[in-house]
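Novice: Once you've had a glance at the structure underneath, I'll fire off some questions.
The values are calculated or read from the model by the stated rules, or taken from the named source; none is laboratory data. Fair warning: this is a prediction, and the values are worked out from it, not measured in the lab. Backbone-built Cβ (ideal geometry, glycine too); neighbour counts: all protein chains shown.
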Amino acid sequence: MTDETKKHGIDDEGKTVPEQDAVNDSAPQDEVIEPEAGEGESADPMGPLEILAAEADEWKDKYLRMAAEMDNLRRRTARDVKDAKSYSVSGFARDMLGVSDNLRRALDAIPAETREAGEAGLKALIEGVEMTERSMLSALERHGVKKLAPKGEKFDPNFHQAMFEVPDPNVPNNTVVDVVQDGYVIGERVLRPAMVGVAKGGPKQTEAASVEAGDQE
């Protein structure tokens with residue numbers, strides 16, 4: 001077969017026709033569709049700067065939250081340390097108040113006549129007990145223990161314990177008129193409430209205060 005025959009085919013009538021490759025070359029090719037501008041992209045694309053700005057805001061928020069938590073932790077720790085220093089002696093102070101009460105009972109049990117007519121030794125003993133009581137209370141006060149003075153004040157269940165009522169129309173109702181046992185606080189906490197007697201039957205504290213204010217005007 002000649003080269004010409006290889007390049008061309010022969011039809012049924014013996015005529016030569018172009019090879020199929022040549023026909024295929026002349027055939028129209030499939031049209032390539034180019035994507036339109038913006039097709040396949042997000043509606044609101046974020047550039048590199050926007051992404052970095054968002055990450056920076058996120059880390060800033062985390063930092064501020066962590067700083068606030070650390071500040072709260074520091075304050076709680078400082079408060080706990082302060083409370084530990086202030087109230088660590090509460091149990092010991094409460095026991096010492098019992099000793100002070102016994103000293104006061106011993107002094108109150110001595111009649112006034114015996115004090116005056118007592119011998120030098122008895123007077124020295126009494127003075128020594130009184131000095132011991134004062135020294136103990138002073139030591140407790142240096143550690144934050146303070147004595148309550150509720151007489152004449154309005155009854156406060158947070159600091160006072162009512163033992164009895166005293167009918168007295170001349171005293172505003174719910175007023176402390178007598179102290180059976182002294183009360184003490186340590187810092188801002190009650191170490192021992194004061195045992196008191198409360199007035200009953202008089203005008204209320206608010207009414208009495210209003211009348212007193214009117215009189216002053």
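Novice: In the range 86-96, is there at least one residue being over 21 Å from Gly187 (Cα atoms) and either small (Gly, Ala, Ser) or not in a helix (DSSP H, G or I) (or both)?
Specialist: Step one: list which residues in the range 86-96 are over 21 Å from Gly187 (Cα atoms), which gives none.
Among the residues of the range 86-96, not one is over 21 Å from Gly187 (Cα atoms) and either small (Gly, Ala, Ser) or not in a helix (DSSP H, G or I) (or both), which makes the answer no.
Novice: Further question: Run Pro45 past the list (1) surrounded by 10 or more Cβ atoms within 10 Å (Cβ to Cβ); (2) more than 24 Å from Arg134 (Cβ to Cβ); (3) at pLDDT below 85; (4) under 51 Å from the mean Cα position of the chain (by Cα) and report the number of the one that doesn't hold.
Specialist: (1)
Novice: Residues to consider are Val81, Val177; find the one that is of a type outside the set (S, T, N, Q), modelled with pLDDT of 90 or more and on the phi < 0 side of the Ramachandran plot.
Specialist: Details: Val81 fails: modelled with pLDDT of 90 or more.
Going through Val81, Val177 in turn, just one is of a type outside the set (S, T, N, Q), modelled with pLDDT of 90 or more and on the phi < 0 side of the Ramachandran plot: Val177.
Novice: Is the range 8-28 home to any residue that is out of contact with any Gly (no Cβ under 6 Å at 6 or more places or on another chain), farther than 30 Å from Thr132 by Cα, modelled with pLDDT of 80 or more and not charged (D, E, K, R)?
Specialist: no
Novice: Next question, about the same structure. Consider the range 169-195. How many of its residues are without any contact (Cβ under 8 Å) to a residue 40 or more places away in the chain, surrounded by fewer than 16 Cβ atoms within 10 Å (Cβ to Cβ) and not aliphatic (A, V, I, L, M)?
Specialist: The number of residues fulfilling the criteria is 4.
Novice: Is it fair to say Ala106 is surrounded by 15 or more Cβ atoms within 10 Å (Cβ to Cβ) and either free of Cβ contacts under 8 Å to residues at least 40 places away in the same chain or part of a helix (DSSP H, G or I) (or both)? Walk me through how you get there before you give the answer.
Specialist: On the way: surrounded by 15 or more Cβ atoms within 10 Å (Cβ to Cβ): no; either free of Cβ contacts under 8 Å to residues at least 40 places away in the same chain or part of a helix (DSSP H, G or I) (or both): yes.
No: the conditions fail for Ala106.
Novice: Would you call Glu116 loosely packed, with under 10 Cβ neighbours inside 10 Å and of a type in the set (D, E, K, R)? Give the steps one after another, and end with the answer.
Specialist: Working: loosely packed, with under 10 Cβ neighbours inside 10 Å: yes; of a type in the set (D, E, K, R): yes.
Judged against the criteria, Glu116 is a match.
Novice: Can you tell me how many residues in the range 140-168 are part of a helix (DSSP H, G or I) and either touching a residue at least 24 places away in the same chain (Cβ under 8 Å) or at positive phi (or both)? Before the answer, list the steps.
Specialist: Within the range 140-168, the first condition is being part of a helix (DSSP H, G or I), and the residues that meet it are 140-142.
Retained after the next criterion (residues that are either touching a residue at least 24 places away in the same chain (Cβ under 8 Å) or at positive phi (or both)): 140.
Residues meeting the conditions: 1.
Novice: For the range 159-189, which residues satisfy the criterion of being closer than 16 Å to Arg94 by Cα and β-branched (Val, Ile, Thr)?
Specialist: Of everything in the range 159-189, those that are closer than 16 Å to Arg94 by Cα and β-branched (Val, Ile, Thr) turn out to be Val185, Ile186.
Novice: Among the residues that make up the range 57-74, is at least one of them within 30 Å of Pro193 (Cβ to Cβ), under 36 Å from the mean Cα position of the chain (by Cα) and surrounded by 10 or more Cβ atoms within 10 Å (Cβ to Cβ)? It would help to see each step written out before you state the result.
Specialist: Within the range 57-74, the first condition is being within 30 Å of Pro193 (Cβ to Cβ), and the residues that meet it are none.
Checking the range 57-74: not a single residue is within 30 Å of Pro193 (Cβ to Cβ), under 36 Å from the mean Cα position of the chain (by Cα) and surrounded by 10 or more Cβ atoms within 10 Å (Cβ to Cβ).
Novice: Return a yes/no flag: does the range 199-211 have any residue that is out of contact with any Gly (no Cβ under 8 Å at 6 or more places or on another chain), at pLDDT 90 or above, farther than 30 Å from Ala84 by Cβ and among the basic types (Lys, Arg).
Specialist: If we filter the range 199-211 for residues that are out of contact with any Gly (no Cβ under 8 Å at 6 or more places or on another chain), which is where we start, we get 199-207, 209-211.
Narrowing further to those that are at pLDDT 90 or above: 199.
Subset that is farther than 30 Å from Ala84 by Cβ: 199.
Those still in the list that are among the basic types (Lys, Arg) too: none.
Within the range 199-211, not a single residue is out of contact with any Gly (no Cβ under 8 Å at 6 or more places or on another chain), at pLDDT 90 or above, farther than 30 Å from Ala84 by Cβ and among the basic types (Lys, Arg).
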